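The values are calculated or read from the model by the stated rules, or taken from the named source; none is laboratory data. Treat the numbers as computed from the prediction; the structure is a model and nothing was measured. When we count neighbours, we look across all protein chains shown, and the Cβ atoms used for this are built from the backbone with ideal geometry, even at glycine.
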Amino acid sequence: MNEVFRFGPFRRVPADRTLRRDGGEAATRRRAFDSVALLVAGATMRLGLVLTVCSAIVLAAMSGAVHAQDRDRTIRQFHHTIWTARDGAPAEIWALDQGADGFLWLGTGSGLYRFDGMQFEPFHPASGERLASVDITAIKVLGSNEVWIGYSDGGISRLRSGHLTTYLEKDGIWPGMVVRILQGRDDTLWAASHGGLARFKDGRWQRLGTDWGIPADMVVDLFVASDGTVWVSTAGSVYFLRHGARRFEPTGLVTEHATFTQTPDGRIWIAEGLHGLRPLADYLAGERRSPWTLQAATPGNVLSVPGFAIDRQGVIWATDRRNGGIFRFDPRKVARAPRSVLPSDLTDVFRRADGLTAERSIPILRDREGNIWVGTNAGLNRFRASEIVPDTSVPATTAFGYSIAAMKDATWLTDGVWLYRALHGDIARRFERLHPASTLLLRARDGSLLYGNGGFVHRVSAGRPTRFSPPAGVRDENIRALAEDGSGTLWVAFERSGVFRLKDGTWSSKVDLGGLPTPVVATSDATGAVWFGFPGSRVSRHDATGMRVFSVPDGLDVGRIGIIAVHDGTLWVGGEFGVARFDKERFRTVTSERVAPFFGISGISRTADGGFLFNGLLGLVLINAQELAKAFSDTAYAPSYDLYDRGDGLPGVAQQGWHTPTLVSGADGRTWIISNTGVAFLDPGGRERNRLPPPVALLSATPGGVTYPTTDSLELPSGTTSLTVTYTAASLSKPEATRFRYRLEGVDADWLDVGVRREAVYNNLGPGHYRFRVIAANEDDVWNMDGAALDVDIPPTFFQSGLFKLLCAIAVAALAWLAYSMRFRAVANRIRIRMAERIEERERIARELHDTLLQSVQALTLRFQLAVNDLPAETPARPALEEAIELAGKVIAEGRERVRDLRSLQNCAAEEIVADIARRQAFDPAVEVVVTTTGMVRVLHPLILDEVTQIASEAIFNIWRHANASRIQIDIGYGTNFSLRFADDGVGIDAGIAGKGKEGHFGLFGMRERARKLRGWLAINRLQEGGTEVLLTVPGSIAYKAAGRRGDIG
């Protein structure tokens, strides 16, 4: 089976697999990509301030560190994905939580939903049950996946094992909207309603009031700290309950609708309307004042936070009810004299204009994989860190294309309007405003920056720019390519006028390209030679020996040249249809037919571990050096590769047609990427590897069109032949990259690798027991080998049951026996007919012999006797004639004996004949001959008896002649079959003779031949105790005559 490749996050994929996008996935990524563009387009002066402050902090904290970390990013630099009604997402999302099974649970204004990262599944209560309300404002999922649900109109329901139990005021719940349900360290459940605080213990709810130290006031928020302390805020103050205590303690704070969170250092933070966001004093340790100075809020500068999330770096994310959207605040990046944070102090904010699904956001959650989820009244949002980080300081659109060059101390970028400089670990910052035009950047051999802009060449050295005018006669032309040869001469390709060289500020005459058009890209190699690229798979090399052109006959077959790059002394060429490598005097090409993403390649770079990066129209391709080398040496080899695309943070596809490399590795370890919609950098340390195996769940089983919810086992209706099982794995970072394998034990011999498919279909199933198993791997190839399993039993119908099969077997056996019997009878009848014919023939021969030959011989003998009587006694011939007459009498006697033999065997007993043969054989008187008969004696058919007689005669003769026996046992058996056995105690027959007979002798052969004619079988064996056994067996239906039993002989 060919596995279909799906765009995924940095995972190994054989290149010969088909590239395909799922419609929903593409739409999601398109929206995420559009949101990035909106973010950059809507940047304000506040963003510039944020970036400046963040950059300063980064430089101070990192002291030249190489990789950017999540805490140094802005929200815009996280990968943002949205789900709205077009994707099946519910509106009015008021609560979020995640279960141990990985599913995200959503409490909304239209009911309860479950989300696995791919599909929103509305909850449907069991028959006869219903939610207390469809307007859900609080959710808590316990470790057992039991779900507690709070409602806007009051009341709480528990969803366990698919069934609902609802608790109302009469059951101990305070009236009013339920705002929070949490679980304490001792597994006690706490519920905050506007009417008050309640707890669930020992199977019942209990209202807490003044007896617990809580005033009769509206409860705003509830929080359980990591040490088990329970924090509660009312409309005007804050209270806490130490773990194990029975009474809340007041803090004495005056607040307005405070909400809580806790940072990894254990500090409790609140946000409230009077003084904004700040850490609380350590009241459990006896502190009474916040370590931060309090700022008083003003009517237009009030912070109202309904929800918090703390990311893995300890940064606070929060929703903002009053001002809309979300914000991000790093507690560690504060001034030496910190003040409480008001909305005007927040710099890293993200609102609807930046791509959030709506301005009104309430719940926020960090899932177990580190993603941040935000629910709004228009949909769901996910923010996650990725290796590819957009640099939002550079505009996402430009009319002049982007260009980039890496220097020792910084990476330089341009959008044709501004020249930007990104110091190590920093974002790009404006350095100089340019004449708006297409601009190319180039790192000079002396370490200075060269760039062409508006027809002028500029050099930036030691921070000072120098401008060189174009050659004489060249006016208002863009520069299309730049390269510097080994002597420091700059080769400049102008748009219409061609190529000129600049050395020490002086232009030389135009370079003759031999009729080639203006090049589209340029570079220089390690020898100092200059290379130009042209449309139509052509490049030219220029050095001291002259110019040489390479094209398709030289192995270069990549279409229009998009990039020429030199790495470790090797020249590489990327183009529309592949990548080529220059090996001494010839190119080798790997096309997109073998590596599908080798399409529209305009950037080539190396990684720190020696791998290769290629930037193209299908994404950023990473290939191991050994894999790439094998692909170039073996034209049939399809290498494995990793692919980054928009799902991994790429702002767009590789920029095309702007004559500049779209990949550059900076000295700080970041690889800078130019796309058609912005600039980004690849930060290998920017995303933690997802080490959590995806939890696998079975959703439904559908036999014969009827859907059943899945449990551990399922018994299907009798006669079921088809089964469809749907399954999922709630891996929320990159659910579209989750891969599955499944097998149906009893059908599949091994696991089936089905890629991203979430449905298994089986047909032509028979009755029996089956076990369906499915396992999954996340985007980082971490497998959940336990997976999920479903035992399926299909009972047989009557016609599939063992009883029916037994009856069929009996019927088949009966039919077979009937057929065999009929066949045997037919064979027996044919034998009997032939026997009858032979008897008739024998009787005819006997009559003919008696009536003709014997009578004639008798008459002739009498004539001769009369003639002899007339001769005198002394006649010399008389004695001879008398002797002849005597001999004739003997002939007549023998003839009559044979006639008698032809008739006499019809009614003789076999035992008598055999005994007679033994007597006539004239054994020594010392030899004991014993004849026994078993069974009820039956008359043998005459011809059978005749053949038996002949076999018996040969057997007895062989015993007399060869056995040297002292005892002979002859057993005659009348049973279902007729049997005749001869056994002696003589010397025993040689095994070889018993099997094949003795050469030149035909006695044994004749015996076997006679047995076969009777449809019987003859066995000749050497007895273990000595002697020989001869056993003849003849089927009774053939052997016995139809009439006559003569008595029972024992």
Selected residue (only one of Ala654, Ala631 is in contact with a Ser or Thr (Cβ under 9 Å, 6 or more places away or on another chain) and within 26 Å of Gly569 (Cα to Cα)): Ala654
Matching residues, the stretch 431-479, being within 51 Å of the chain's Cα centre (by Cα), of a type outside the set (A, V, I, L, M), part of a loop (DSSP other than H, G, I, E, B) and under 21 Å from Gln656 (Cα atoms): Ser438
Number of positions in the stretch 247-259 that are out of contact with any Gly (no Cβ under 6 Å at 6 or more places or on another chain) and more than 16 Å from Ala191 (Cα to Cα): 8
Subset tally (residues that are closer than 13 Å to Pro279 by Cβ and surrounded by 22 or more Cβ atoms within 10 Å (Cβ to Cβ)) for the stretch 309-348: 2
Failed item, numbered, when Asp793 is tested on (1) exposed (fewer than 15 other Cβ atoms within 10 Å of the Cβ); (2) assigned to a loop (DSSP other than H, G, I, E, B); (3) touching a residue at least 12 places away in the same chain (Cβ under 8 Å): (2)
Filtered residues of the stretch 761-772 (kept if surrounded by fewer than 17 Cβ atoms within 10 Å (Cβ to Cβ), more than 18 Å from the chain's Cα centre (by Cα) and part of a strand (DSSP E or B)): Gly768, His769
Qualifying strands (runs of 3 or more DSSP E) (wholly inside the stretch 80-191; at least 3 residues being under 40 Å from the mean Cα position of the chain (by Cα), surrounded by 20 or more Cβ atoms within 10 Å (Cβ to Cβ) and at negative phi): 93-98, 104-108, 111-115, 136-141, 147-151
Matching option when the condition is at pLDDT below 75 and exposed (fewer than 12 other Cβ atoms within 10 Å of the Cβ), among Glu894, Glu912: Glu894
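Residues checked against (1) modelled with pLDDT of 95 or more; (2) of a type outside the set (S, T, N, Q); (3) out of contact with any Pro (no Cβ under 7 Å at 6 or more places or on another chain):
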| site | (1), (2), (3) |
| --- | --- |
| Ser722 | no, no, no |
| Thr728 | yes, no, yes |
| Leu732 | yes, yes, yes |
| Arg739 | yes, yes, yes |
| Leu752 | yes, yes, yes |
Hits in the stretch 367-384 (condition: in a loop (DSSP other than H, G, I, E, B) and more than 28 Å from the chain's Cα centre (by Cα)): Asn377, Ala378
So Ala991, is it exposed (fewer than 12 other Cβ atoms within 10 Å of the Cβ) and in contact (Cβ under 8 Å) with a residue 24 or more places away in the chain: yes
Options Asp415, Asp426; residue that is within 50 Å of the chain's Cα centre (by Cα), surrounded by 20 or more Cβ atoms within 10 Å (Cβ to Cβ), charged (D, E, K, R) and under 19 Å from Asn478 (Cα atoms): Asp415
Single unsatisfied condition, Phe957 versus (1) surrounded by fewer than 14 Cβ atoms within 10 Å (Cβ to Cβ); (2) touching a helix residue (DSSP H, G or I) at 6+ places or on another chain (Cβ under 9 Å); (3) without any contact (Cβ under 8 Å) to a residue 12 or more places away in the chain; (4) of a type outside the set (Lys, Arg): (3)
Test: residue in the stretch 620-638 that is in contact with a Pro (Cβ under 8 Å, 6 or more places away or on another chain), at pLDDT below 95, part of a loop (DSSP other than H, G, I, E, B) and over 29 Å from Thr677 (Cα atoms): yes
Selected residue (criterion: farthest from the chain's Cα centre (by Cα)) from residues of the stretch 260-317 that are assigned to a loop (DSSP other than H, G, I, E, B) and of a type in the set (Ser, Thr, Tyr): Thr298
Residue check for Ile674: part of a strand (DSSP E or B), under 23 Å from Met407 (Cβ atoms) and free of Cβ contacts under 8 Å to residues at least 60 places away in the same chain: no
Matching residues, the stretch 476-524, being β-branched (Val, Ile, Thr) and either in the same structural domain as Gly575 (by TED's automatic domain parsing) or in contact (Cβ under 8 Å) with a residue 24 or more places away in the chain (or both): Ile479, Val492, Val499, Val511, Thr518, Val520, Val521, Thr523
Where Gly401 falls short, out of the listed (1) surrounded by fewer than 23 Cβ atoms within 10 Å (Cβ to Cβ); (2) under 42 Å from the mean Cα position of the chain (by Cα); (3) on the phi < 0 side of the Ramachandran plot: (3)
Criterion: touching a Phe, Trp or Tyr at 6+ places or on another chain (Cβ under 9 Å) and either part of a strand (DSSP E or B) or polar (S, T, N, Q) (or both) - qualifying residue of Arg246, Arg207: Arg207
Looking only at the stretch 960-982, and only at residues there that are surrounded by fewer than 20 Cβ atoms within 10 Å (Cβ to Cβ) and touching a Leu at 6+ places or on another chain (Cβ under 8 Å), the one that is nearest to Glu841 (Cα to Cα): Ser979
Top-ranked residue of the stretch 918-946 - restricted to ones that are surrounded by fewer than 17 Cβ atoms within 10 Å (Cβ to Cβ) and under 22 Å from Arg1010 (Cβ atoms), ranked as modelled with the highest pLDDT: Val931
Ile1038 vs. criteria surrounded by 16 or more Cβ atoms within 10 Å (Cβ to Cβ), part of a helix (DSSP H, G or I) and either touching a Gly at 6+ places or on another chain (Cβ under 8 Å) or not assigned by TED's automatic domain parsing to the domain that holds Asn829 (or both): yes
Strands (runs of 3 or more DSSP E) within the stretch 481-593 that include 1 or more residues at pLDDT 95 or above, touching a helix residue (DSSP H, G or I) at 6+ places or on another chain (Cβ under 7 Å) and charged (D, E, K, R): 578-583, 586-591
Filter result for Ile310 (touching a helix residue (DSSP H, G or I) at 6+ places or on another chain (Cβ under 8 Å), within 26 Å of Ala385 (Cα to Cα), aliphatic (A, V, I, L, M) and modelled with pLDDT of 95 or more): no
